[in-house]
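The values are calculated or read from the model by the stated rules, or taken from the named source; none is laboratory data. Computed from a predicted model, the values in this text were never measured in an experiment. Here the Cβ positions follow ideal geometry from the backbone for every residue, glycine too, while neighbour counts run over all protein chains shown.
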Amino acid sequence: MTTTPIYPRMAVIGCGLIGSSVIRAAREAGVVGEIAVAESSEAARATIADLGLADRLTADPAEAVRDADLVLFAVPVLSMEAAARAAAPGLKPGATVTDVGSVKGHVAEVLNASCPDTAHVIPGHPIAGSERSGPEAGFAELFQNRWTILTPQERDDPTYAEALARLTAFWTALGANVETMDAKHHDLVLAITSHLPHLIAYNIVGTTADLETVTQAEVMKYSAGGFRDFTRIAASDPTMWRDVFLTNKEAVLEMLGRFSEDLQALSRAIRWGEGDKLFELFSRTREIRRGIVALGQESAEPNFGRDRGKH
């Protein structure tokens, strides 16, 4: 455990699954001192207070970020601009401002426009999560052996470079593997690895729900592993994913076009009985799965997740 905090004061704006997990993990690693939380929901604030997640708890972002060395926005992507503008008056010079959103181009634009030039804006994305939501859903181990991508500005500025190194050390202490990337490239990569799979899951579960020849009871009773996996993904926070698709639509539509072309080719192979093509595809995709498992990226939730409410 780190004995000297990397950030004496941290402010978290929005305290759902990711925000509360950052708080738990940072406390456990000893990398922060005082923690302030701004949360707009009165019910969520009550839960945060009951869980003892915050040293200071408020509905006002500007109050939460006052004197904070690290400010982390953990709100839905389309709420980021309003939250940043509300917090901006309280930001101290030299504060590092980051986020946990799944889209980086839009977030980088609104954070840079909303925050004063004296702040070090370094957008970020921890690639970790669960279908559960709310402050009670967080757990400290969420980021263990997961990737966190930072999309810093291209600046020839020693103080900014120092802020980037400090934020990298913070995420590393939380157990994450950290990589830097251009924001546009991040959004393209995540469109195929995360956003498109979620879109497919939402669609297939929605299609199943609309089938008149299959009752809902039968769907639940006879769900095989594949469909259960889709329902888990499709249970993700609807607000968050609505915002992701609206703010990363160009990359998502590009990947959706590629997927549609490949799906048509697969349809033709089934129609014409081209078993060799099907076997080749299935063999290739199985190797990709094995590679993911070998890298330890096969599950977002650890075995001890049942007890995470206690963290």
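At-a-glance table
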{"read-out": "Which listed residue is within 26 Å of residue 243 (Cα to Cα) and crowded, with 24+ Cβ neighbours inside 10 Å, from 83, 87", "value": "87"}
{"read-out": "Residue in the range 89-97 that is modelled with pLDDT of 95 or more, under 20 Å from the mean Cα position of the chain (by Cα) and assigned by TED's automatic domain parsing to the domain that holds residue 155 present", "value": "yes"}
{"read-out": "Selection status of residue 144, surrounded by fewer than 19 Cβ atoms within 10 Å (Cβ to Cβ), in contact with a Gly (Cβ under 6 Å, 6 or more places away or on another chain) and either of a type in the set (Asp, Glu) or on the phi < 0 side of the Ramachandran plot (or both)", "value": "yes"}
{"read-out": "Qualifying residue in the range 99-122 (condition: more than 22 Å from residue 64 (Cα to Cα), of a type in the set (Asp, Glu) and touching a residue at least 60 places away in the same chain (Cβ under 8 Å))", "value": "no"}
{"read-out": "Residues of the range 175-213 satisfying the condition of being acidic (Asp, Glu), part of a helix (DSSP H, G or I) and modelled with pLDDT of 85 or more", "value": "187"}
{"read-out": "Number of the exception - residue 296 against (1) modelled with pLDDT of 80 or more; (2) small (Gly, Ala, Ser); (3) under 19 Å from the mean Cα position of the chain (by Cα)", "value": "(1)"}
{"read-out": "Candidates 34, 42 - the one that is at pLDDT 95 or above and either outside the structural domain of residue 138 (by TED's automatic domain parsing) or surrounded by fewer than 22 Cβ atoms within 10 Å (Cβ to Cβ) (or both)", "value": "34"}
{"read-out": "Yes/no for residue 156 being surrounded by fewer than 21 Cβ atoms within 10 Å (Cβ to Cβ), among the acidic types (Asp, Glu) and more than 19 Å from residue 105 (Cβ to Cβ)", "value": "yes"}
{"read-out": "Among (1) over 18 Å from the mean Cα position of the chain (by Cα); (2) assigned to a strand (DSSP E or B), the one test that residue 27 misses", "value": "(2)"}
{"read-out": "Residue 30 vs. criteria more than 27 Å from residue 106 (Cβ to Cβ) and of a type outside the set (S, T, N, Q)", "value": "yes"}
{"read-out": "Residue ID - modelled with the lowest pLDDT, chosen from residues in the range 140-164 that are more than 14 Å from the chain's Cα centre (by Cα) and of a type in the set (A, V, I, L, M, F, W, C)", "value": "140"}
{"read-out": "Checking residue 195 against (1) surrounded by fewer than 17 Cβ atoms within 10 Å (Cβ to Cβ); (2) of a type outside the set (A, V, I, L, M); (3) in the same structural domain as residue 232 (by TED's automatic domain parsing), the condition it does not meet", "value": "(1)"}
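Rundown of residues vs (1) surrounded by fewer than 22 Cβ atoms within 10 Å (Cβ to Cβ); (2) of a type in the set (S, T, N, Q); (3) farther than 21 Å from residue 236 by Cβ, yes/no style:
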| position | (1), (2), (3) |
| --- | --- |
| 113 | yes, no, yes |
| 137 | yes, no, no |
| 148 | no, yes, no |
| 166 | yes, no, yes |
| 172 | yes, yes, yes |
| 183 | yes, no, yes |
| 186 | no, no, no |
| 189 | yes, no, no |
